[in-house]
Amino acid sequence: MIKIWLAEIPPRGRLYLGLLLAALLAAPLFIDGYALSVLVLVFYFAYLGQAWNIMMGFAGQLSLGHALYFGLGAYTGAALYVHFGLSPWLGMLAGGAVAAAAGAAIGALGFRFKIGGVYFAILTIAFAEFTRILFDHWLWVGGSGGFFLPVTGGRGGNDLLGLRGSPTMFYYVWLAATIGVLILCRALLSSRLGYFWLAIREDQEAAQALGINTFRYKIFAVMLSAALTAFGGVLYAFYNNNLFPSAIFSITRSIDMLLGAIIGGVGTLMGPIIGAFILTPLGEALTVLLEPLRDLGIKLDGIKQVFYGLCVVVIVVFQRRGVWPWLWRKLGLDGGAK
Amino acid sequence: MPIEVYLNQIASGALTGLIYGLSALGLSVIFGVCKIVNFAHGEMMVIAMYAALLAFQWFGLDPLVSIPLVCALLFAAGYALQAGLINRLIDVPDHMQFILLAAIAIAMVSGCLMIFGPNAQNVQLDYAYDSYEIGPLLLDKVRVLAGIAAISVAGLLAAFFRWTWIGKAICACGDNIVGARVTGLNVKHLFALAFGLGSVCIGAAGCILLLLVDVQPFLAVEYTLLAFVVVIVGGLGSLTGALLAGVLIGVSEALAGLFIQPSLKSMFSFGLLILVLLFRPQGLVGKRA
C-alpha cells in the first residue's frame, strides 16, 4: 500500500522526504537539549494540526474548540495512571474513546440542529470553555490547582510502556506519532470515507443528493479528529507531567493547534507539518533574537503569539491556500502526479 | 438572607449587564452590517481599557471623561482594519475570515501582554466607594454611572441609525448589499464606517468597564466569549436584544455568584449559550432567518 503512495510522489519529492526523515531520525545524536525540545514542539504542532485538518481540511467542519478533546485525552490518561496505575497506552485508548464520544455528541447536536458555519465554531468554543470551568472545580483531578504526574517512575531508564523516560525517548514517540498520523491521513484520502469527506466539503447538498449520508460521515470526521487529538493530549500529559485546566482547555490552545495547518495549507497532507516546521523554530528564534528588547521593559512572553498571528494575517492575505502548494511548485515537484 | 441582599445583587448585576450589552452591541453592529464575526472583540475592548488607563495615569482623566477620546481612537482603528484589510478579503471563505480575526486577536492580546505585562491594573477614583440609597436598594455610584453611560451610548447609536442619512445607508448595506450597490452607495466605505461604529461601542464599553474591573490582557478572551454569549442569546443583529440579553447575563452571573460559587458563574453563561444555539439559534428576541 505504502509502496503505491510513494510511487505517486515524484522522484525528487521522495528524495526530499527521505532526507528529511533521515535527518530527523539522526537529530538527537547531534543537537542539544533545547533544540530537541523545539523539535518536540514542532511535532506537537504538526501532529495536532494534522488531527484538526481531518475535520476542517477534509470534511470542511470548522472547530475552534479542539482543546476540549486534547484536554479530555490528557486528563483521562493522566487520571487513570495516577489513580489506578493504568498504562498510558491503555489510557490513550480510554482518552480517545472519551474524546470521540464527546465529539460525537457535539457533532450530533450541531449537525442535527443544523447549526452551520460560525455558529458551529462558537458551539465548539462554548463546550470547551464549559469543560474548562468544570475541570477547574473537579478536585479528583486537582481542580484549578493543577494535576501532577509523578516523575519518579522511570528514573535511570527509558520505560516506553510506562511513557516515563528521557526527552530523547519522547522525541521519538512524538516523531512516530507524527509519521503515523501522516500515513493514516494519506490512507484516508484515497479511501471511500475520504472521498465522501471531500465531497461534503466541496458541496454538502450535492453530496447528499448523491446518496452520501452527510450527517454520519461528518460525525465520523469529528470522532476521528477528536480521538487523534486526545492521543496527542495523553502524550503531552506524560511529557509535561502537569496539567492546569486554564492552560489545557484554553481557547488559545485551540487556536494554536490550527495555526500550523493554516500556514502550511488547509486540506493538504504536508501542510500541517510544513506549517509547524516554519512557525515553531521561527517563533523560538525570534524570542532569542529580540532578547535585547527585554532591557527596554518589553516583556517577550507574548512575542511568539504576536508573530504567529501576523503570519496568519500574511498568509490569508497573500497565499490563501497555504505555503505548501507554493513550496510544492518551488521545489519543482509539480512535474509528476498531484 | 434578607430580600434586600437579592434585590441589591440583581440591581448591580443589571447595571453591569448594561455594559455587557453595550459591548455586545459592537459585535452585533459589525456582524449585522459587514457579516464579519469579530473574534478580536474582547481584545479591542482590553486595548480600549488600557487606553483609558493610560489617559488616567498620564493626564488624570476619569475613564468616563476619556470615553470620547478612546472612542475616536477605536473608531479610527476599526475603520482602518475594515478598509485596509477585511474589505480586500470579501471573497475569502467564511472560515478563513474567522481564523484571520482570531489570529489578529492573538496578536493583539499578546501585544498587550508584552507592553503592559500580566498584572492587573486599575484606576483609583475618589468616588469609588460612594453609593446611593434608593428605597431598600444600596447602589454603588460607579455602577450607576456606568449603567447611565452605557444606556446613553446605546441610545445615541440607535438614534444615529434611525435618523441620520449615513446611519440609514449603513443599515441598507446590512439588509441588502446588492440593492445598496445598485442605488449607488459606496459599500466599502459604509462597511468601514460600520466597523468603526461597532468599535466605538467597544471603546465606550471598555472605558466604562474600567470603573468596575481591573484590566489585564487575559480578560480579552473572556470578554470575546461573553459578547458572543450575549449577542447569540439576544439574537445576532438585534440592538434591543443585545441590551436585554446583556442585562439577563449580568443578573444571572450576579445571582450565580450569590447562590453558588462566583468562579462557576460563567459556566452558566456558556450553558445558556449552548442551549440557545441548539433550541433557539435566532436568539431570544431575534427573528427567524
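The figures follow:
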{"quantity": "Failed condition for B:Phe39, given (1) out of contact with any Leu (no Cβ under 7 Å at 6 or more places or on another chain); (2) of a type in the set (A, V, I, L, M, F, W, C); (3) at the interface with chain A (Cβ under 9 Å from one of its Cβ atoms); (4) in contact (Cβ under 8 Å) with a residue 24 or more places away in the chain", "calculated": "(1)"}
{"quantity": "Selected residue (criterion: nearest to A:Glu205 (Cα to Cα)) from residues of the stretch A:117-141 that are more than 10 Å from every other protein chain (Cβ to nearest Cβ) and open to solvent by less than 20 Å² (accessible area, probe 1.4 Å)", "calculated": "A:Thr124"}
{"quantity": "Single condition B:Ser110 does not satisfy, out of (1) within 19 Å of the chain's Cα centre (by Cα); (2) open to solvent by less than 60 Å² (accessible area, probe 1.4 Å)", "calculated": "(1)"}
{"quantity": "Complete set of residues in the stretch A:26-43 that are modelled with pLDDT of 90 or more and under 13 Å from A:Leu175 (Cβ atoms)", "calculated": "A:Leu36, A:Leu39, A:Val40, A:Leu41, A:Val42, A:Phe43"}
{"quantity": "The one condition in (1) of a type outside the set (Lys, Arg); (2) facing chain B (nearest Cβ under 10 Å); (3) crowded, with 24+ Cβ neighbours inside 10 Å; (4) more than 30 Å from A:Tyr172 (Cα to Cα) that A:Met56 fails to fulfil", "calculated": "(4)"}
{"quantity": "Some residue of the stretch A:291-314 being surrounded by 16 or more Cβ atoms within 10 Å (Cβ to Cβ), within 25 Å of A:Trp5 (Cα to Cα) and either in contact with a Phe, Trp or Tyr (Cβ under 6 Å, 6 or more places away or on another chain) or without any contact (Cβ under 8 Å) to a residue 24 or more places away in the chain (or both)", "calculated": "no"}
{"quantity": "From B:Gly241, B:Gly283, residue being more than 27 Å from B:Gln124 (Cβ to Cβ), more than 10 Å from chain A (Cβ to nearest Cβ), touching a helix residue (DSSP H, G or I) at 6+ places or on another chain (Cβ under 6 Å) and assigned to a loop (DSSP other than H, G, I, E, B)", "calculated": "B:Gly283"}
{"quantity": "Residue list for the stretch B:64-94, restricted to those being over 16 Å from the mean Cα position of the chain (by Cα) and buried (at least 21 other Cβ atoms within 10 Å of the Cβ)", "calculated": "B:Ser66, B:Leu81, B:Gln82, B:Ile86"}
{"quantity": "Selection count where residues are touching a residue at least 12 places away in the same chain (Cβ under 8 Å), crowded, with 17+ Cβ neighbours inside 10 Å and not in a helix (DSSP H, G or I), scope the stretch A:66-116", "calculated": "1"}
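The values are calculated or read from the model by the stated rules, or taken from the named source; none is laboratory data. Remember, it's a predicted structure, so these values are computed and weren't measured experimentally. Quick reminder, even Gly has a Cβ in these numbers, built from the backbone with ideal geometry, and neighbours come from all protein chains shown. Areas reflect the complete protein model, heavy atoms only, side chains present, ligands, DNA and RNA absent. Shrake-Rupley method; radii C 1.70, N 1.55, O 1.52, S 1.80 Å.
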